[in-house]
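Since the structure comes first, as C-alpha cells, the remarks are kept for the end.
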Amino acid sequence: RSPMPSGRVHSAATVVLAVSGAWITYRSGAPAAQVVALTSGILTGLVLTPDLDVDQGSYSAHVVRRAFGRRAAQLWILFWLPYSLLIPHRSHISHMPILGTLLRLAYVAAIPLLAYWLAGMPFDLPPLPAAWPWAAAGLALADIAHFLLDSIF
C-alpha cells in the first residue's frame, strides 16, 4: 500500500471542495444561509478530520495552533486523546463516510455532556439552527473527499 496523503494534501482538497461547493450551491439558487452552512461544514473538516484517530496528534492540531495558538492546540490534542486511544487509525469506524462523521459529531457532543453530568449540573440542549443539516452535509462531504484520497493513494 502506498503512503497516505499528507495532512496538507487533505487540507488543500478540503479548501478546494469548500470553494467549489459554495459556488455550486450558490449557483443552484440555494439561500445564502444554506451556502454558508454547507461551506462552513466543509471547512470544519479541516479540524474535525477522520485523522483525529492518530495516536500522536493529527494535522488538525497544526491548523488549530496556527489559528488559535499553542495552548488551544494542546487542549485540542487533549480533548481528542480518548478518541485516538479507543479508535485505531484508519479504522472503518473513523474513516467510513457518514459513520465516521456521525461518530465525531457524537464525540464532540458527548464529552461536554459527560462533564456536565459528572459535575451534577443540569444541561439543556439549545435548539439547533435550521441550516444545521447543511453544515453536517458539508462535513460529510469533507469526510468523503478524505476517504477518497486515502483510497486512491
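What is the gain in length, in nm to one decimal, between Arg65 and His92 on full extension, counting 0.36 nm per residue of separation less the C-alpha to C-alpha distance?
On the way: separation 27, 0.36 × 27 = 9.72 nm, distance 2.77 nm.
Stretched fully, the Arg65-His92 segment lengthens by 6.9 nm.
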message: With a 10 Å cut-off between alpha carbons and a GNM built on the chain, which of Leu85, Leu17, Leu38 moves the most?
response: Leu85
message: Rolling a 1.4 Å sphere over the protein heavy atoms, what is the accessible area per residue of the stretch 108-153, to the nearest Å²?
response: 69 Å²
- prompt: Could you give me the ³J(HN,Hα) list for the stretch 80-95, computed from phi with Karplus coefficients 6.51, -1.76, 1.60 and θ = phi - 60°, whole Hz, x at Gly and Pro?
  reply: 8, 4, x, 4, 5, 7, 8, 10, x, 4, 6, 6, 5, 5, 8, 9
task: Skip the ligands, DNA and RNA, and give the accessible area per residue of the stretch 42-91 with a 1.4 Å probe, whole Å².
output: 57 Å²
- request: Identify which of Asp51, Asp124, Asp143 has the largest mean-square fluctuation in a Gaussian network model of the chain, with springs joining Cα atoms closer than 10 Å.
  value: Asp124
For the chain, with +1 on Lys and Arg beta carbons and -1 on Asp and Glu, the positive-most of Pro129, Gly69, Leu113 along the dipole: Gly69
message: To check my understanding: the extent here is largest minus smallest coordinate of the Cα atoms along each principal axis. What are those three numbers for the chain, in Å, largest first?
response: 48, 44, 30
The chain: most fluctuating residue of Val35, Val16, Val47 per GNM, C-alpha cutoff 10 Å: Val16
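Considering only protein heavy atoms and a 1.4 Å probe, what is the carbon-and-sulfur percentage of the accessible area of the stretch 89-137? Each step should come with its number before you reach the end.
Values: 2780 of 3480 Å².
After summing per-atom areas, the C and S share lands at 80 percent.
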task: Please turn the phi angles of the stretch 113-130 into ³J(HN,Hα) values with the Karplus equation 6.51 cos²θ - 1.76 cosθ + 1.60 (θ = phi - 60°), one per residue in order, whole Hz, x for glycine and proline.
output: 4, 5, 4, 4, 4, 5, 7, x, 9, x, 9, 10, 6, x, x, 7, x, 4
message: Using the crude model of +1 on Lys and Arg Cβ and -1 on Asp and Glu Cβ, and no other charge, please compute the dipole size for the chain relative to its Cα centre, in debye to 20.
response: 400 debye
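The values are calculated or read from the model by the stated rules, or taken from the named source; none is laboratory data. Since the structure is predicted, the reported quantities are computational estimates derived from the model, not experimental observations. As a convention, Cβ positions derive from the backbone with ideal geometry for all residues, glycine included, and neighbour counts pool all protein chains shown. Surface areas here come from the heavy atoms of the whole protein model, side chains and all, with no ligands, DNA or RNA. Shrake-Rupley method; radii C 1.70, N 1.55, O 1.52, S 1.80 Å.
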